[in-house]
1. About the Cα centre, and with charges only on the beta carbon of Lys, Arg (+1) and Asp, Glu (-1), how big is the dipole of the chain? Nearest 20 debye, please.
2. Debye sum, Cα scatterers, the chain, no solvent: what log₁₀ I/I(0) at q = 0.18, 0.21, 0.22 1/Å?
3. Taking amide H atoms as placed 1.01 Å from N in the peptide plane, list the residues 5 or more away in sequence, or in a different chain, whose amide H sits under 5 Å from that of Ser3.
4. Can you put Tyr99, Tyr33 in order, fewest other beta carbons within 10 Å first?
5. In degrees, nearest 10, range 0 to 90: what is the angle between the Cα axis of helix 40-53 and the longest Cα principal axis of the chain?
6. Pick from Asp63, Asp27, Asp72: which residue has the top mean-square fluctuation in a GNM of the chain where Cα pairs under 10 Å get a spring?
7. Using 0.36 nm per residue of separation minus the Cα-Cα distance, give me the extension gain between Gln51 and Ser31 in nm, one decimal.
8. Which of Leu86, Leu54, Leu20 moves the most in a Gaussian network model of the chain with Cα springs under 10 Å?
Amino acid sequence: AQSRLLELGGGTGAFAEAVLLRLAELDALPSRYAILEPSADLRERQQQRLQQNLPVELAARVDWVDRPFEEDWEGVVFANEVIDALPTPRFLIRDGEVYEETV
């Protein structure tokens, strides 16, 4: 199966740039590097950075998606400071009773 890397919230594009360059050195490039970036401004910045700083063949592996892959796939999801920023319920069981904790 072809490997993929899905980055949630690509920020400046610095992570994608560094990862692709390093994986190329290791001969371990994913078949596809996708960035799920809701901000049109950040997408544009990422595209400019990667086109300017990566060899053409590496920049060509990157695409931007509006949602996670729908089909089965193998690879890595990178989500620095994204998943931990999502509200998540937390529960506590005390004396057989379930309580929701809030912050």
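1. 360
2. For the chain at q = 0.18, 0.21, 0.22 Å⁻¹, log10 I(q)/I(0) is -0.84, -1.08, -1.17.
3. Under 5 Å from the amide H of Ser3 lie the amide H atoms of Ser31, each far enough along the sequence or on another chain.
4. Tyr99, Tyr33
5. The helix 40-53 is inclined about 40 degrees to the chain.
6. Asp72
7. 5.4 nm
8. Leu86
The numbers here are math on the coordinates, done by the rules we state, and not lab data. Being a predicted model, the structure only gives us computed values, none of them experimental. Virtual Cβ from ideal backbone geometry, glycine too; neighbours counted across all protein chains shown.
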